[in-house]
Amino acid sequence: MSKNCYPCKPVVVLAGLVFYLMCSSACPAGEFPYMGTISGDRVNVRAGSSKNHEILSKLNSGERVAVRGGRGEWLKIVPPSPVRVWIWGEFVKEDVVMEDRVNVRARPDLRSSVVCQVARGVEVRVVDQQDEWLGIVPPPDCYAWVSAKYVEYAFPIKPSKAEEAEKLFRALEVRRKVFDRDGAGAVRELDDMVTGYKDVIARAPDSKAARQAKTRAGELAKIKKEMARAREKRRAILEKTPAVPGKTPAVEKIVAAGCRATGIVEKLAEPVDGVEYRLAGKRLFIKKVLCYLGASRINLDLYVGEKVTISGVVRGEAAGGKPVVEVENIMLE
């Protein structure tokens, strides 16, 4: 090969890079929902995200589809107009679903794929019938699938109310899984989540996300009642415990003595006699250290900056003669 050919390589690479960037901008990955254009003829629309699922219909080049999501090499789309799905007739009365979690299938056959499920009270539009099966227009939560290689990005579309509700519900589910009912601010966080689930219900009352949100809100309401009962139980225990003495007696007299105190939990920049936390109060705008805190069973990091009432056993004294309390109970004020 002659040397004159070598300068062509950067040009080819640069042209390829420009082409890649153009394609990337035209087909933004993961930005759902959007309208797509079919780029092939007789493209199969299937009941699921594999070639093993039934064919619901076919699309031709230039037809538009509303893309709602994706999974691997497949795109989830709103079923095109001619598609019909099937539901067992006994579950429908006067075009209203009478049972909960009823399967909607790709064919009038119990062995066919489940395309989606519908809840009690959902209205359906019946367009066909075969024996005991009713052919219906796909309900709102029902989707079909098409190979991604036959769909070109056209333009973005505004998410539906059901999709907005689903997105909010997923975010709340992540928050719920890490919720610590014993942490500082737990009641406020719980109330925020309940408000969020109610927002999901308000955005799309008939959606799957709304039904799930209603269940979650009920579960959190029960947790709140349990927390209230536990709070009253802790309060009863705390009220029976003597307060931290104003003047610390000799160490040998306060070891193993029970005490109670109310103040703000603070984390020390440097440990004092091996203790990292203290309880501080204010009198006439002057901060006063009430006691130092140790806790082998309670994560005091969750309560830093919060006003609490603690009770526990005095295990000794630290610098300045202040008692060191091993915290056994703690409650937000």
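Remarks
- Subset of the range 51-74 (residues that are of a type outside the set (Asp, Glu) and exposed (fewer than 13 other Cβ atoms within 10 Å of the Cβ)): LYS51, ASN52, ILE55, ASN60, SER61, GLY62, ARG71, GLY72
- Exactly one residue out of ILE55, ILE87 is modelled with pLDDT of 95 or more and within 19 Å of LYS208 (Cα to Cα), and it is ILE87.
- Given (1) surrounded by 13 or more Cβ atoms within 10 Å (Cβ to Cβ); (2) under 24 Å from the mean Cα position of the chain (by Cα); (3) at pLDDT 85 or above; (4) of a type in the set (A, V, I, L, M, F, W, C), index of the condition ALA171 fails: (1)
- The condition (being under 18 Å from ALA318 (Cβ atoms), in contact with a strand residue (DSSP E or B) (Cβ under 9 Å, 6 or more places away or on another chain), at pLDDT below 75 and of a type in the set (Lys, Arg)) is satisfied by just one residue among LYS247, LYS240, LYS287, LYS253: LYS287.
- Residues being more than 22 Å from VAL127 (Cβ to Cβ) and not in a loop (DSSP other than H, G, I, E, B) - total across the range 65-94: 8
- Selected residue (only one of ARG68, ARG101 is touching a helix residue (DSSP H, G or I) at 6+ places or on another chain (Cβ under 9 Å) and at pLDDT below 95): ARG68
- Of the listed requirements (1) touching a helix residue (DSSP H, G or I) at 6+ places or on another chain (Cβ under 6 Å); (2) assigned by TED's automatic domain parsing to the domain that holds ILE38; (3) modelled with pLDDT under 90, GLY121 misses just one: (1).
- Annotation for the range 141-148: at least one member residue is modelled with pLDDT under 95 and hydrophobic (A, V, I, L, M, F, W, C).
- Filter pass, VAL137 being of a type outside the set (Ser, Thr, Tyr), in contact with a Lys or Arg (Cβ under 9 Å, 6 or more places away or on another chain) and not assigned by TED's automatic domain parsing to the domain that holds MET227: yes
- Filter result for SER81 (surrounded by fewer than 17 Cβ atoms within 10 Å (Cβ to Cβ) and in contact with a Gly (Cβ under 9 Å, 6 or more places away or on another chain)): no
- All of (1) free of Cβ contacts under 8 Å to residues at least 60 places away in the same chain; (2) within 26 Å of the chain's Cα centre (by Cα); (3) within 26 Å of ARG84 (Cα to Cα); (4) part of a loop (DSSP other than H, G, I, E, B) hold for ARG107 with one exception: (2).
- Just one of the listed residues (GLU99, GLU90, GLU73) is within 15 Å of VAL146 (Cα to Cα) and acidic (Asp, Glu), and it is GLU73.
- Scanning the range 265-315 for residues that are among the acidic types (Asp, Glu) and under 16 Å from LEU332 (Cα atoms) returns GLU266, ASP301, GLU306.
- Any hit, the range 287-295, residues being outside the structural domain of LYS233 (by TED's automatic domain parsing), without any contact (Cβ under 8 Å) to a residue 24 or more places away in the chain and either within 22 Å of ALA236 (Cβ to Cβ) or out of contact with any His (no Cβ under 6 Å at 6 or more places or on another chain) (or both): yes
- Count of the range 266-311 residues, restricted to those that are outside any loop (DSSP other than H, G, I, E, B) and either of a type in the set (Phe, Trp, Tyr) or out of contact with any Leu (no Cβ under 8 Å at 6 or more places or on another chain) (or both), is 17.
- Single residue of the range 121-147 satisfying the filter (crowded, with 16+ Cβ neighbours inside 10 Å and among the aliphatic types (A, V, I, L, M)) that is farthest from the chain's Cα centre (by Cα): LEU134
The values are calculated or read from the model by the stated rules, or taken from the named source; none is laboratory data. Just so you know, these numbers come straight off a predicted model, no measurement behind them. Neighbour counts are summed over all protein chains in view; Cβ atoms, including those assigned to glycine, are modelled from backbone coordinates with ideal geometry.
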